[in-house]
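Novice: Encoded as structure tokens, here's the structure I'll be asking about.
Every number here is computed from the coordinates shown, using simple stated rules; none is lab data. Computed from a predicted model, the values in this text were never measured in an experiment. Ideal geometry is used to build each Cβ from the backbone, glycine not excepted, and the neighbour counts take in all protein chains shown.
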């Protein structure tokens, strides 16, 4: 018997992806366990990190792109 594992990879965030809190460029995509998605700038991602970790099924963090 063989097992297949599929890795789901979200597309890279673009300049069109905006923070749901303030409208700045999003650097974090949170896919909720309920199926929805939230986008956050680095500032709001950091501010809400603890709460987001509790409800997230997946977190795509691109804050490393900030210099």
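Novice: Select from region 47-67 the residues that are in contact with a helix residue (DSSP H, G or I) (Cβ under 8 Å, 6 or more places away or on another chain) and assigned to a helix (DSSP H, G or I) and write down the one among them that is surrounded by the fewest Cβ atoms within 10 Å (Cβ to Cβ).
Specialist: The extreme case among them is 63.
Novice: For region 29-46, give me each residue that is in a loop (DSSP other than H, G, I, E, B) and either touching a residue at least 24 places away in the same chain (Cβ under 8 Å) or under 9 Å from residue 19 (Cα atoms) (or both). Give the derivation first.
Specialist: Within region 29-46, the first condition is being in a loop (DSSP other than H, G, I, E, B), and the residues that meet it are 33-36, 41.
Selection gives 33, 41.
Novice: Return the residues of region 6-28 that are in contact with a strand residue (DSSP E or B) (Cβ under 8 Å, 6 or more places away or on another chain) and assigned to a loop (DSSP other than H, G, I, E, B); say none if nothing qualifies.
Specialist: Within region 6-28, 8, 10, 13, 15, 17, 19, 20, 21, 24, 26, 27 qualify.
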